[in-house]
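Q: Below: one structure in structure tokens.
The values are calculated or read from the model by the stated rules, or taken from the named source; none is laboratory data. Computed from a predicted structure; not experimentally measured. Quick reminder, even Gly has a Cβ in these numbers, built from the backbone with ideal geometry, and neighbours come from all protein chains shown.
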Amino acid sequence: MSVPEEIIDLKNRSNNKFVAAKIEREMTQEQVKSICNVCDCVWICRGDMGVQMGFKGMAKFVREFTNKYIPNLKVPCVIAGEVMEHFCEHAAPTRTEICYLGNCILDGYKGMVLSDETVFGKFPKETMEFCSNYIRDFFESFIIIYSRTT
């Protein structure tokens with residue numbers, strides 16, 4: 001979604017169903033603010049954002065979004081983009097991933113998206129168990145969204 005009218009139109013055509021807006025490209029502060037005002041949930045998707053903006057631009061955008069918008073959002077925001085990537089090949093996360101996940105929670109994110117970790121990763125069960133236990137043991141009100149293979 002790049003303009004709030006897209007979200008409003010989708011909600012109207014879907015009988016006001018839940019709409020999560022994916023922020024995955026560089027946007028002005030006004031664009032971000034207007035999207036956050038009409039959606040039901042915001043996803044910060046670092047994959048495409050990193051390709052478009054480069055690593056430094058993506059990191060700067062995410063930090064600015066986190067500092068400016070998370071404290072005042074009226075809807076939950078989740079972080080996406082290989083938060084626990086080490087689980088794709090290993091049965092445990094790195095210390096950096098553990099700290100990053102904790103920081104996301106402390107920064108006010110209400111969830112994370114596990115994608116490659118659970119779709120292509122060798123340890124989807126371990127990923128889910130670790131994340132669930134870590135969050136349950138240390139934090140409240142945090143959701144995990146994961147992709148499943150069938």
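Q: Residues being over 20 Å from L101 (Cα atoms) and modelled with pLDDT of 90 or more: count how many of those fall in region 53-73.
A: Residues that pass the stated criteria total 3.
Q: Could you check how many residues of region 17-35 are aliphatic (A, V, I, L, M) and either part of a strand (DSSP E or B) or in contact (Cβ under 8 Å) with a residue 40 or more places away in the chain (or both)? I'd like the intermediate steps shown before the answer.
A: Of the residues in region 17-35, the ones aliphatic (A, V, I, L, M) are 19-21, 23, 27, 32, 35.
Still in the list and also either part of a strand (DSSP E or B) or in contact (Cβ under 8 Å) with a residue 40 or more places away in the chain (or both): 20-21, 23.
Matching residues across region 17-35 total 3.
Q: Okay, next question. Condition first: in contact (Cβ under 8 Å) with a residue 40 or more places away in the chain, closer than 27 Å to E126 by Cβ and among the hydrophobic types (A, V, I, L, M, F, W, C). Can you find one or more residues in region 90-100 that meet it?
A: no
Q: Failed condition for A91, given (1) under 25 Å from F18 (Cα atoms); (2) at pLDDT 90 or above; (3) not assigned by TED's automatic domain parsing to the domain that holds I44, with all others met?
A: (1)
Q: How many of the residues making up region 57-74 are without any contact (Cβ under 8 Å) to a residue 40 or more places away in the chain and surrounded by 15 or more Cβ atoms within 10 Å (Cβ to Cβ)? Show your work before the answer.
A: Our first condition is that a residue be without any contact (Cβ under 8 Å) to a residue 40 or more places away in the chain; within region 57-74, this holds for 57-64, 67-74.
Of the ones still in play, those that are also surrounded by 15 or more Cβ atoms within 10 Å (Cβ to Cβ) are 58, 61-62, 69-70, 73.
Adding up the residues that qualify gives 6.
Q: Name every residue in region 64-86 that is out of contact with any strand residue (DSSP E or B) (no Cβ under 8 Å at 6 or more places or on another chain) and closer than 25 Å to F120 by Cα, in order of residue number.
A: Selection gives E82, E85, H86.
Q: Could I ask something else about it? Would you be able to tell me the number of residues in region 88-140 that are in a loop (DSSP other than H, G, I, E, B) and buried (at least 17 other Cβ atoms within 10 Å of the Cβ)?
A: The qualifying residues number 6.
Q: Quick check on my filter: what residues within region 49-103 are touching a Cys at 6+ places or on another chain (Cβ under 9 Å) and of a type in the set (V, I, T)?
A: T66, I70, V75, V78, I79, V83 - these are the residues of region 49-103 that are touching a Cys at 6+ places or on another chain (Cβ under 9 Å) and of a type in the set (V, I, T).
Q: Let me ask you something else. Among the candidates K60, K56, K74, K11, which residue alone is assigned to a loop (DSSP other than H, G, I, E, B) and of a type in the set (K, R)? Talk me through it step by step, then tell me what you get.
A: On the way: K60 fails: assigned to a loop (DSSP other than H, G, I, E, B); K56 fails: assigned to a loop (DSSP other than H, G, I, E, B); K11 fails: assigned to a loop (DSSP other than H, G, I, E, B).
Of K60, K56, K74, K11, the one residue that is assigned to a loop (DSSP other than H, G, I, E, B) and of a type in the set (K, R) is K74.
Q: Could you give me the residue pairs with C-beta distances under 9 Å whose first residue belongs to region 122-150 and is under 20 Å from E89 (Cα atoms), whose second residue is modelled with pLDDT under 65 and among the hydrophobic types (A, V, I, L, M, F, W, C) wherever it lies, and which are 6+ apart or on separate chains?
A: From region 122-150, the pairs are M128/I144; C131/I144; S132/I144.
Q: In addition: Give the residues of region 26-63 that are basic (K, R) and out of contact with any strand residue (DSSP E or B) (no Cβ under 9 Å at 6 or more places or on another chain), sorted by residue number.
A: K33, K56, K60, R63, listed by residue number.
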